[in-house]
1. Please state which one of 107, 115 is under 15 Å from the mean Cα position of the chain (by Cα), over 24 Å from residue 171 (Cβ atoms), outside the structural domain of residue 172 (by TED's automatic domain parsing) and part of a helix (DSSP H, G or I).
2. Among the residues of the stretch 178-186, are any within 17 Å of residue 44 (Cα to Cα) and of a type in the set (Ser, Thr, Tyr)?
3. Having 1 or more residues that are more than 27 Å from residue 29 (Cβ to Cβ) and not hydroxyl-bearing (Ser, Thr, Tyr) is the bar; report the helices (runs of 4 or more DSSP H) wholly within the stretch 123-219 that clear it.
4. Among the residues of the stretch 41-82, write down those that are of a type in the set (Gly, Ala, Ser) and surrounded by fewer than 17 Cβ atoms within 10 Å (Cβ to Cβ).
5. Can you run down the residue pairs with Cβ atoms below 6 Å, 6 or more apart or on separate chains, where the first is in the stretch 43-57 and touching a residue at least 60 places away in the same chain (Cβ under 8 Å) and the partner is surrounded by 21 or more Cβ atoms within 10 Å (Cβ to Cβ) and part of a loop (DSSP other than H, G, I, E, B)?
6. Mind counting the residues in the stretch 191-219 that are aromatic (Phe, Trp, Tyr) and under 22 Å from the mean Cα position of the chain (by Cα)?
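The values are calculated or read from the model by the stated rules, or taken from the named source; none is laboratory data. Just so it is clear, the structure is predicted and the values come from calculations on it, not from any experiment. Cβ atoms come from the backbone with ideal geometry, glycine included; neighbour counts cover every protein chain shown.
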Amino acid sequence: MRKTVLIVEDETSLMEILSDTLIKNNLIVYQAKNGEEAIDIFYEKNPDLILLDINLPKKSGWDICKEIRVDSNVPIIIMTARDTDSEEIKGLELGADDYISKPFNLKILLIRIMKHLKLDSKFIYSWRGINFDFSRHLFTINEKKIEFSKKETELLEYFIKNKNKVITREMLLNEIWGYDIEMEDRSVDTLIKRVRKKLGDYSELIKTIRGVGYSFDEK
């Protein structure tokens with residue numbers, strides 16, 4: 001499953017360089033050039049990581065970081081020309097995970113991005129009788145091995161990484177099938193039906209939010 005990065009940067013040339021670099025490294029990129037746009041895209045696209053500039057039109061990077069941390073633990077890397085200890089401390093206190101000063105080495109930034117995204121590369125989910133090792137594609141429920149297809153695995157991983165969040169059908173279509181493929185809502189419903197069947201007694205973990213979408217909820 002390809003990871004997604006939201007770049008929040010108002011300097012067009014830097015935005016293009018960052019986007020090209022990440023896309024070449026098999027990452028999906030969303031772009032925001034001001035603070036209000038960044039918040040809208042964050043809630044719409046639910047990215048896996050945010051590259052966040054501080055000096056932005058309409059809403060500062062500090063305000064964005066603070067607002068996002070109310071609802072999400074998504075990794076945030078702050079990019080700024082303000083190279084002082086106090087600025088770095090402020091960013092970390094607001095909940096940022098990393099801090100890099102401009103001008104920066106693209107290779108170093110890429111290593112930091114991959115380091116944060118790598119936290120998901122050996123993803124294991126255990127809950128009661130469920131043991132899912134996504135890195136090795138080993139899934140057991142009450143010690144019985146379960147076979148999930150590639151699409152079913154991607155669906156489960158996405159749900160589990162976004163536990164307790166409401167996920168719309170559009171978000172699932174974009175995440176599982178991609179942005180350039182036209183699919184219908186029933187494709188999502190059919191895939192979820194198959195996954196629920198394989199979950200057996202745990203099928204109610206995937207809850208239907210009427211008129212909105214779905215949620216993975218352990219309650």
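1. Working: 107 fails: under 15 Å from the mean Cα position of the chain (by Cα).
After ruling out the rest, the residue left standing is 115.
2. There is at least one residue in the stretch 178-186 that is within 17 Å of residue 44 (Cα to Cα) and of a type in the set (Ser, Thr, Tyr).
3. Numbers: elements: 150-161, 169-172, 185-199.
Where helices (runs of 4 or more DSSP H) fall fully within the stretch 123-219 and carry at least 1 residues being more than 27 Å from residue 29 (Cβ to Cβ) and not hydroxyl-bearing (Ser, Thr, Tyr), they are 185-199.
4. Step one: list which residues in the stretch 41-82 are of a type in the set (Gly, Ala, Ser), which gives 60-61, 72, 81.
Within the stretch 41-82, 60, 81 qualify.
5. Final answer for the pair search is 49/75.
6. Pass one, the stretch 191-219, residues aromatic (Phe, Trp, Tyr): 202, 214, 216.
From what is left, the residues that are under 22 Å from the mean Cα position of the chain (by Cα) are 214, 216.
Selection size over the stretch 191-219: 2.
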